[in-house]
Amino acid sequence: MTEHYYSNQPQSQHDLKTITCKLRNHHFTFTTDAGVFSKGRVDFGSTLLINTFEIDDKLVGDFLDLGCGYGPIGISLAKDFPKRDVLLIDVNERAVTLARKNAKQNDVNNIDVLQSDGFTSVENHKFASIITNPPIRAGKKLIYSLFSESRERLNDGGTLWIVIQKKQGAPSAIKYLENIYERVEVKARKKGYYIVCAYK
């Protein structure tokens, strides 16, 4: 069976790399490895999601980076929103180790990183915003269940932010979100990528 980046314990040989990038006007250095999503660079979709994200200051609460990989989304938002605590979770043990390392090497302290299969490790925690570049290859059933569970983990007025490509089912994903959230908006559209915000 082909190994995916959402494997619990990747078996692929390590191939550590260091990449640099600028996100939300901050410069970052990330360590990546084989067996994690987009190891060669911060992918276009995640970059667009990071730079589009916004939140009403009146909405209190923490942020959750759902399926954090090596951490670019959660770490960049934690850097830009220092008064918020940001939790990063991923099922991939290697990704979690890298995200912890990357938080330290970028001097981001308002962060915690947990290994978690979906929301299993954060059952009693609610958030102001959940941000995710979902593991599309895991299949629609899993992705939609994460969208649905996210609503239960949001504070009233909270938001779910996702990035999804048109060719990967953005229109049908938006319709699904419209059935379970009070309001859904497309915040950005570029090169076939949609940034979607769903409001509880």
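The values are calculated or read from the model by the stated rules, or taken from the named source; none is laboratory data. All figures in this text were calculated on a predicted structure; none of them were measured in a lab. Here the Cβ is made from the backbone with ideal geometry for all residues, glycine too, and neighbour counts use every protein chain on show.
Quick check on my filter: what residues within the range 88-114 are touching a Gly at 6+ places or on another chain (Cβ under 8 Å) and among the hydrophobic types (A, V, I, L, M, F, W, C)?
The answer is Leu88, Ile89, Val91, Ala95, Leu98, Ala99, Ala103, Ile111, Val113.
Please verify whether the range 141-158 includes one or more residues that are of a type in the set (A, V, I, L, M, F, W, C) and part of a loop (DSSP other than H, G, I, E, B).
Checked against the condition, which is being of a type in the set (A, V, I, L, M, F, W, C) and part of a loop (DSSP other than H, G, I, E, B), the range 141-158 yields no hits at all.
Could you look through the range 35-67, keep only residues that are at pLDDT 95 or above and of a type in the set (Ser, Thr, Tyr), and pick out the one that is nearest to Lys166 (Cα to Cα)?
Applying the filter and picking the extreme gives Ser46.
In the list Glu93, Glu123, which residue meets the criterion of being in contact (Cβ under 8 Å) with a residue 60 or more places away in the chain and loosely packed, with under 15 Cβ neighbours inside 10 Å?
Glu93
Across the range 96-108, which residue is surrounded by the fewest Cβ atoms within 10 Å (Cβ to Cβ) among those that are out of contact with any Phe, Trp or Tyr (no Cβ under 7 Å at 6 or more places or on another chain) and in contact (Cβ under 8 Å) with a residue 12 or more places away in the chain?
Going through the range 96-108, the residues out of contact with any Phe, Trp or Tyr (no Cβ under 7 Å at 6 or more places or on another chain) turn out to be 96-97, 100-101, 103-105, 107-108.
Still in the running and in contact (Cβ under 8 Å) with a residue 12 or more places away in the chain: 96, 100-101, 103, 105, 108.
On the way: Val96: 22, Arg100: 17, Lys101: 16, Ala103: 22, Gln105: 14, Val108: 21.
The residue in question is Gln105.
So, Ala128, is that one at pLDDT 95 or above, over 18 Å from Asp65 (Cβ atoms), small (Gly, Ala, Ser) and crowded, with 18+ Cβ neighbours inside 10 Å or not?
no
Which members of the range 9-51 meet the condition of being assigned to a loop (DSSP other than H, G, I, E, B), over 18 Å from the mean Cα position of the chain (by Cα) and of a type in the set (Ser, Thr, Tyr)?
Ser12
Give Ala170, Ala188 a once-over and let me know the one that is in contact (Cβ under 8 Å) with a residue 24 or more places away in the chain and touching a Phe, Trp or Tyr at 6+ places or on another chain (Cβ under 6 Å).
Numbers: Ala188 fails: touching a Phe, Trp or Tyr at 6+ places or on another chain (Cβ under 6 Å).
The match here is Ala170.
Tell me, please, whether a residue that is modelled with pLDDT of 95 or more, in a loop (DSSP other than H, G, I, E, B) and of a type in the set (Gly, Ala, Ser) can be found in the range 83-103.
No, every residue in the range 83-103 fails to be modelled with pLDDT of 95 or more, in a loop (DSSP other than H, G, I, E, B) and of a type in the set (Gly, Ala, Ser).
If you check Ser76, Ser121, which single one turns out to be modelled with pLDDT under 95 and farther than 28 Å from Lys175 by Cα?
Exactly one of Ser76, Ser121 is modelled with pLDDT under 95 and farther than 28 Å from Lys175 by Cα, namely Ser121.
Step by step: first the residues of the range 52-82, then only those that are of a type in the set (Gly, Ala, Ser) and part of a loop (DSSP other than H, G, I, E, B), then the one that is nearest to Asp112 (Cα to Cα). Which residue is that? Steps first, please.
Narrowing the range 52-82 to residues of a type in the set (Gly, Ala, Ser): 61, 67, 69, 71, 74, 76, 78.
Cutting the leftovers down to part of a loop (DSSP other than H, G, I, E, B) gives us 61, 67, 69, 71.
Values: Gly61: 14, Gly67: 13, Gly69: 14, Gly71: 11 Å.
Among them, the one singled out is Gly71.
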